[in-house]
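All remarks here apply to the structure that follows.
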Amino acid sequence: MKPAMSAAWNALAHAAETSHGVHLRDMFTADGQRFAKLSVTWNGWLLDYSKQRVNAEAMGLLHGLWQTADVPGWIARMRAGEAINHSEGRAALHIALRHPAGKGPILYAGHDVMPAVHGELEKMQRFAAQIHGRHWRGATGEPISDIVNIGIGGSDLGPRMATQALAAFHHPELKVHYVANLDGADLATVLAGLQPRTTLFIIASKTFTTQETMQNAASARRWLVQALGEAAVARHFVAVSTNLAEVARFGIDPDNAFAFWDWVGGRYSLWSAIGLPLVLAVGFDNFRQLLAGAHAMDEHFFSAPPAENLPGLLALLEIWNTNFLGAENRALLPYSQSLGLLPRYLQQLEMESNGKQVDRQGLPLDCATAPILWGEPGTNGQHAFYQLIHQGGRRVPCEFIVCKQADFALPGHHEKLLANCFAQSEALMRGRTLGETTAELAASGMAAGQVALLAPYRSFPGNQPSTTLLLPRLDPFNLGALLALYEHKVFVQSVIWDINPFDQWGVEYGKQLASRLLPVIVGTSSGAGLDSSTAGLVAACRDN
Ligand code: F6P
């Protein structure tokens, strides 16, 4: 049944209507136990959702959605390796990539995938030991000092974000760079600071056909060959892909190719050999910790009831905000410079997964799906866009992420960071009434006329919903758990919205059109039949 036609959906719509005029600050005044009731802990984490605009009735109904949509059944299907990515006929078994050895098989098409998963991890470990131990030498006999990962989307965002997130754990001598954009400025600026003799490229592409990656790989190869000759390629290029035949065609030694499998979606692939640049950046033991954290979150997700299930709660709260309170976006606000790329990573995970409008039966959906995700780390964002969240009149559900301990403990910084984070969620919740502002300005000694003039500008509506996730510290284990949390959150939402979160046909269409336009731009095709705007843009470039 379509989500919006279910009785549970109607009951939620009714609950949203009846709670419409109730302000968050009144909810806190009415119930001194609100935080205790609407917060959960797990493994040293605290998820505080008491500043969301929910009451006990709404939460009860949202928990009910978990059962009516059969989330437990879908979890079982995912774990059993069923082709839940039905439009591509594939399983989605990223959980196998962090499943510990000796904990039993995970089956795909009747075969246990775990030996292959652990075999590849061991190969990554051996490779990292060679690079870190300076045993792997470039063509001139020098050790490698710089790694350049060339990939895009899921073959870039995960390792890039995690490399930044784990800056406190970096290998002291090896620098890891990332190149994604087709715009030559990306590769050119990275290469400008490097020496071919000491640079190793990782070409990361699930398909090994992605235009951006193949172009950057070809240009990087040319840069290397010009300096060191064709024979140097084997010592300076390795690949990560599911398409080992194409890797060999590119000229990369199969021994230096790391495999993964079609049951790993690009945006769920950090845990596979796509994590190789991260392994080189932080060491294999830290990568293992990342996998352990993700696995711990998997276990929690599989077993906790919806009222205590962290991914489940985040999913249900966003469904409440999106489908019942009309929010069209969510601001992700990590109070952590190291998590600065998390919003970008989650944009792919959430919007590429759940930005859909056709259900699992191929019929148009009757409800909104993934909201627009955006964000920046605090406190920087406070000095940029927070003004709109406070006084711009739009509903912007906010998600704060902050750690109790600093990853870079400079005296005097972290306490202020925490104070700012909590102050923002407090201000968004409470707001400041005209009366309060007037009293405060008057108490400061301001003249009455001036108070009356300024008070409206300095009052805030509040009632802006937010969640705060407080982690003990940003380390590989907690980062792994955090990313798995969002993967499962996306999955729960997809089940409730009845969509396939593992395909991305919209993206594929853009790629198809770009391939059709390229011959027109280079002048080998006329472009007949193009719309006048596209034809006009192409013509303007060809004049150049
Ligand atoms: O952006 C679309 C997409 O297909 C992503 O899902 C994927 O992560 C990315 O392109 C890169 O693909 P590949 O790893 O095959 O180069």
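The values are calculated or read from the model by the stated rules, or taken from the named source; none is laboratory data. Predicted, not measured: the structure shown is a model, and the values here were computed from it. Methodologically, a virtual Cβ is constructed for each residue, glycine included, from the backbone with ideal geometry; neighbour enumeration extends over all protein chains shown.
Any idea how many residues of the range 244-284 are of a type in the set (V, I, T), away from the ligand (no atom under 13 Å from the Cβ) and outside any loop (DSSP other than H, G, I, E, B)? Before the answer, list the steps.
First pass over the range 244-284, keeping only residues of a type in the set (V, I, T): 247, 252, 264, 274, 279, 282.
Applying the additional criterion that residues be away from the ligand (no atom under 13 Å from the Cβ) yields 252, 279, 282.
With outside any loop (DSSP other than H, G, I, E, B) added as a condition, the list becomes 279, 282.
Final tally of qualifying residues: 2.
Checking the condition within 16 Å of the ligand (Cβ to nearest atom), under 35 Å from the mean Cα position of the chain (by Cα) and either among the β-branched types (V, I, T) or over 28 Å from C367 (Cβ atoms) (or both), which residue from S533, S515 passes? Write out each step before concluding.
Values: S533 fails: within 16 Å of the ligand (Cβ to nearest atom).
Exactly one residue qualifies, and that residue is S515.
Quickly run through the range 197-213 and pick out the residues that are within 15 Å of the ligand (Cβ to nearest atom), in contact with a helix residue (DSSP H, G or I) (Cβ under 8 Å, 6 or more places away or on another chain) and in a helix (DSSP H, G or I). Within the range 197-213, Q211, T213 meet the criteria.
The single condition from (1) within 20 Å of V507 (Cβ to Cβ); (2) among the charged types (D, E, K, R); (3) surrounded by fewer than 24 Cβ atoms within 10 Å (Cβ to Cβ); (4) at pLDDT 95 or above that R267 fails is (3). Is at least one residue of the range 503-523 among the aliphatic types (A, V, I, L, M) and closer than 19 Å to F400 by Cα? Checking the range 503-523: not a single residue is among the aliphatic types (A, V, I, L, M) and closer than 19 Å to F400 by Cα. Criterion applied to F302, F287 was being surrounded by fewer than 17 Cβ atoms within 10 Å (Cβ to Cβ) and in a helix (DSSP H, G or I), and the one residue passing it is F302.
Looking only at the range 495-502, decide whether some residue is outside any loop (DSSP other than H, G, I, E, B), over 30 Å from L363 (Cα atoms) and aliphatic (A, V, I, L, M).
Within the range 495-502, the first condition is being outside any loop (DSSP other than H, G, I, E, B), and the residues that meet it are 495-497.
If we keep only those that are over 30 Å from L363 (Cα atoms) as well, we get none.
No, the range 495-502 contains no residue that is outside any loop (DSSP other than H, G, I, E, B), over 30 Å from L363 (Cα atoms) and aliphatic (A, V, I, L, M).
Looking only at the range 329-345, filter to residues that are out of contact with any strand residue (DSSP E or B) (no Cβ under 6 Å at 6 or more places or on another chain) and of a type outside the set (S, T, Y); which one of those is farthest from D156 (Cα to Cα)? Applying the filter and picking the extreme gives Q337. Considering the range 148-187, the residues that are of a type in the set (V, I, T) and away from the ligand (no atom under 16 Å from the Cβ) include one that is surrounded by the fewest Cβ atoms within 10 Å (Cβ to Cβ), namely V176.
Restricting the range 82-111 to residues that are surrounded by 14 or more Cβ atoms within 10 Å (Cβ to Cβ) and without any contact (Cβ under 8 Å) to a residue 12 or more places away in the chain, the residue that is farthest from P501 (Cα to Cα) is E82. Across the range 188-208, the qualifying residues are those that are of a type in the set (S, T, Y) and at pLDDT 95 or above, and the one among them that is surrounded by the most Cβ atoms within 10 Å (Cβ to Cβ) is S205.
Could you list, in sequence order, all residues of the range 214-243 that are polar (S, T, N, Q) and part of a helix (DSSP H, G or I)? Within the range 214-243, Q215, N216, S219, Q226 meet the criteria. Applying the condition of being free of Cβ contacts under 8 Å to residues at least 60 places away in the same chain and not aliphatic (A, V, I, L, M) to the range 338-356 and asking which residue is nearest to the ligand (Cβ to nearest atom) yields Q347.
Of the candidates P501, P519, P461, P472, the single residue that is surrounded by 11 or more Cβ atoms within 10 Å (Cβ to Cβ) and free of Cβ contacts under 8 Å to residues at least 12 places away in the same chain is P519.
Kindly check whether there is at least one residue in the range 385-394 that is outside the structural domain of Y268 (by TED's automatic domain parsing), within 17 Å of Q493 (Cα to Cα) and among the charged types (D, E, K, R). No, that holds for no residue.
Report yes if V396 is β-branched (V, I, T), under 28 Å from T322 (Cα atoms) and either assigned to a loop (DSSP other than H, G, I, E, B) or at pLDDT below 95 (or both), otherwise no. Break it down into steps so the answer makes sense when it comes.
Numbers: β-branched (V, I, T): yes; under 28 Å from T322 (Cα atoms): yes; either assigned to a loop (DSSP other than H, G, I, E, B) or at pLDDT below 95 (or both): yes.
Criteria met by V396.
Of everything listed in (1) free of Cβ contacts under 8 Å to residues at least 60 places away in the same chain; (2) farther than 28 Å from N500 by Cβ; (3) buried (at least 17 other Cβ atoms within 10 Å of the Cβ), the single unmet condition for G60 is (3). Of all the listed residues (A535, A443), the sole one being of a type in the set (A, V, I, L, M, F, W, C) and surrounded by 12 or more Cβ atoms within 10 Å (Cβ to Cβ) is A535. Residues of the range 399-436 that are in a loop (DSSP other than H, G, I, E, B) and surrounded by 13 or more Cβ atoms within 10 Å (Cβ to Cβ): K404, A406, D407, G431, T433.
Condition (residue is at pLDDT 95 or above, among the polar types (S, T, N, Q), more than 24 Å from D475 (Cβ to Cβ) and out of contact with any Ser or Thr (no Cβ under 8 Å at 6 or more places or on another chain)) applied to the range 426-435: is it met by at least one residue?
Let us first name the residues in the range 426-435 that are at pLDDT 95 or above, namely 426-435.
Adding the requirement that they be among the polar types (S, T, N, Q) leaves 433.
Next cut, more than 24 Å from D475 (Cβ to Cβ) only: 433.
Going one step further and asking which of them are out of contact with any Ser or Thr (no Cβ under 8 Å at 6 or more places or on another chain), we end up with none.
So far as the range 426-435 goes, no, none of its residues is at pLDDT 95 or above, among the polar types (S, T, N, Q), more than 24 Å from D475 (Cβ to Cβ) and out of contact with any Ser or Thr (no Cβ under 8 Å at 6 or more places or on another chain).
Taken over the range 352-370, residues that are surrounded by fewer than 20 Cβ atoms within 10 Å (Cβ to Cβ) and either of a type outside the set (D, E, K, R) or in contact with a strand residue (DSSP E or B) (Cβ under 9 Å, 6 or more places away or on another chain) (or both) amount to 10. Set side by side, the residues A239, A259 differ, and just one is touching an Asp or Glu at 6+ places or on another chain (Cβ under 8 Å) and closer than 20 Å to E122 by Cα, which is A259. A single member of L469, L474 is within 30 Å of Q164 (Cβ to Cβ), under 17 Å from the mean Cα position of the chain (by Cα), among the aliphatic types (A, V, I, L, M) and not in a strand (DSSP E or B), and it is L474.
The single condition among (1) within 16 Å of the ligand (Cβ to nearest atom); (2) touching a residue at least 40 places away in the same chain (Cβ under 8 Å); (3) part of a helix (DSSP H, G or I) that A294 does not meet is (1).
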